[in-house]
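First the structure, in the form of structure tokens, and then the observations on it.
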Amino acid sequence: MIEINDLAFSYKKKKPLFSKLNLQLSEGRIHGLLGKNGAGKTTLLKLISGLLFPDGGEIKTLGYKPANRKPSMLQDIYFLFEEFTLPDFSIQKFKEIYSVFYPNFNENQFNEYLSEFEIHDNEKLNSLSYGQKKKVLIAFGLACNTKLLIMDEPTNGLDIPSKSQFRKIMAGAIDESKCVIISTHQVRDLDNLIDSITILDQQDVIISQPIEKITEKLCFKAISQNDTNDKIYYSENGLRGHWAVVENDKNEDSKLDIEMLFHATFANKKRMQDLFNNIKNS
Amino acid sequence: MEFKEPQAIYLQIAEFVCEKILLENWKTDEKIPSVRELAVELEVNPNTAMRAYEFLQNREIIYNKRGIGFFVSQDAKGKVSVFRKQQFLESELPVFLKNMNILNISIQEIETYYTEFIKSNKPK
């Protein structure tokens with residue numbers, strides 16, 4: 001669905017953000033794009049959708065070169081931004097004006113999502129709070145039924161019940177033909193929804209793997225306090241005891257903890273890359 | 001201090017389904033929720049829900065009718081018990097035994113509690 005080869009991009013000549021970035025994202029999954037602040041997550045998403053142009057390398061989105069911004073590509077991409085300004089329309093009018101760009105837009109679905117979020121479509125966009133506006137855009141974006149759905153921090157600003165509604169709506173909206181990319185720091189909100197993880201750091205993709213492949217290689221579990229061996233990638237003490245990310249040499253099933261994975265990745269970048277590069281070759 | 005780590009999500013989902021079967025909320029040859037319905041209810045990725053159903057299908061606890069959906073197998077309860085017993089022996093019993101050892105509890109002492117428990121929880 002998305003293929004990136006040797007991508008180079010910089011905002012300032014002397015400070016390249018990406019130099020030789022490679023990444024493939026497949027359909028049928030909800031990809032979580034993670035990285036520290038300033039790692040270039042939003043930039044990467046903009047490059048994928050044709051909002052920024054690469055300095056070098058190649059991007060293929062839905063089979064197109066995104067920089068060409070072909071309407072046939074754009075009608076199959078919806079991008080939910082973290083920061084946005086909305087026109088001074090009612091939700092009704094917003095729908096009428098913008099839905100024409102998306103041939104698969106489904107009005108019933110839009111209304112259904114809105115009512116699940118408890119928003120009335122006669123309201124003015126600018127009378128809504130940030131969280132409510134976001135819910136309108138989420139409802140609209142999902143109702144567009146695009147092949148590619150990009151969401152930058154979708155749960156920021158959502159109240160507690162809305163987060164649960166969001167997860168339900170997302171669980172019902174994904175299918176084999178769709179690719180969803182969610183960039184987020186709120187990993188606990190989306191823990192059970194994301195089923196593929198990409199971690200970005202300093203011009204590079206460190207890991208990009210489906211969850212089942214990660215838990216095949218790594219085990220997330222409690223270990224005894226004085227356990228030290230080279231199989232441990234990361235460990236921490238907490239209320240839950242002594243927790244660690246260890247090499248899964250006994251083929252154990254464990255629940256992936258995204259935060260732990262994130263720490264483990266940054267503690268052992270090279271090892272982590274090697275561990276998962278072997279998967280590709282095997 | 002050591003806690004039991006949470007299980008992989010697909011196994012938690014499988015357990016949720018087993019529970020429904022044991023409690024007879026879902027009965028033999030009855031259609032169970034679709035992968036999508038289950039994913040929405042539990043707020044999980046449909047791929048994970050699918051993995052749970054495949055896991056249960058491999059253990060012949062549920063079966064798939066192509067194009068129609070998943071159903072509860074004959075003797076699903078029996079098979080759930082087998083699966084649960086295996087799980088208990090593999091993951092819960094070791095913790096139990098370890099604690100017995102740490103706290104110096106003899107097997108005779110446990111037996112007394114067990115006999116009492118069985119007496120007061122006689123199956124109807």
Looking at (1) within 12 Å of chain B (Cβ to nearest Cβ); (2) within 19 Å of the chain's Cα centre (by Cα); (3) under 21 Å from B:Pro46 (Cβ atoms), which is the only condition A:Thr184 fails? (1)
If we scan the stretch A:121-128, do we find a residue that is of a type in the set (Gly, Ala, Ser) and modelled with pLDDT under 90? no
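Would you check which residues across the stretch A:65-112 are in contact (Cβ under 8 Å) with a residue 24 or more places away in the chain and among the acidic types (Asp, Glu) and list them? Spell out the reasoning first.
First pass over the stretch A:65-112, keeping only residues in contact (Cβ under 8 Å) with a residue 24 or more places away in the chain: A:74-82, A:84, A:86-92, A:94-95, A:98-99, A:101-107, A:109-110.
If the condition is that a residue be in contact (Cβ under 8 Å) with a residue 24 or more places away in the chain and among the acidic types (Asp, Glu), then A:Asp76, A:Glu82, A:Asp88, A:Glu107 are the ones that fit.
Kindly state which strands (runs of 3 or more DSSP E) lie completely within the stretch A:17-120 and contain at least 2 residues that are among the β-branched types (Val, Ile, Thr). Can you show your working first?
Values: elements: A:29-35, A:56-61, A:77-80.
Result: A:56-61.
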Mind counting the residues in the stretch A:164-213 that are surrounded by fewer than 22 Cβ atoms within 10 Å (Cβ to Cβ), aliphatic (A, V, I, L, M) and within 22 Å of B:Ala8 (Cα to Cα)? 1
(1) of a type in the set (Phe, Trp, Tyr); (2) modelled with pLDDT under 95; (3) surrounded by 13 or more Cβ atoms within 10 Å (Cβ to Cβ): which one isn't true of B:Tyr113, the others all being true? (3)
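Please note which strands (runs of 3 or more DSSP E) are completely contained in the stretch A:138-230 and include at least 1 residues that are in contact with a strand residue (DSSP E or B) (Cβ under 6 Å, 6 or more places away or on another chain) and within 23 Å of A:Val100 (Cα to Cα).
On the way: elements: A:148-152, A:179-183, A:196-201, A:204-210, A:218-222.
In the stretch A:138-230, A:148-152, A:179-183 are the strands (runs of 3 or more DSSP E) which contain 1 or more residues that are in contact with a strand residue (DSSP E or B) (Cβ under 6 Å, 6 or more places away or on another chain) and within 23 Å of A:Val100 (Cα to Cα).
So for the stretch B:95-117 (the condition being under 25 Å from B:Phe16 (Cα atoms), out of contact with any helix residue (DSSP H, G or I) (no Cβ under 7 Å at 6 or more places or on another chain) and not aliphatic (A, V, I, L, M)), does at least one residue qualify?
yes
Whether any residue in the stretch A:126-133 is among the basic types (Lys, Arg) and in a loop (DSSP other than H, G, I, E, B) is what I want to check.
As a first pass, look at the stretch A:126-133 and keep what is among the basic types (Lys, Arg): A:133.
Narrowing further to those that are in a loop (DSSP other than H, G, I, E, B): none.
Taking every residue of the stretch A:126-133 in turn, none turns out to be among the basic types (Lys, Arg) and in a loop (DSSP other than H, G, I, E, B).
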Given (1) surrounded by 13 or more Cβ atoms within 10 Å (Cβ to Cβ); (2) away from chain A (no Cβ under 14 Å); (3) of a type in the set (Gly, Ala, Ser), where does B:Ala39 come up short, assuming only one miss? (2)
Is it fair to say A:Asp175 is in the same structural domain as A:Asn104 (by TED's automatic domain parsing), touching a residue at least 60 places away in the same chain (Cβ under 8 Å) and closer than 30 Å to A:Leu17 by Cβ? no
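The values are calculated or read from the model by the stated rules, or taken from the named source; none is laboratory data. Please read all numbers here as calculations on a predicted model, not as lab measurements. With ideal geometry, Cβ positions are generated from the backbone for all residues, glycine too; neighbour counts draw on all protein chains shown.
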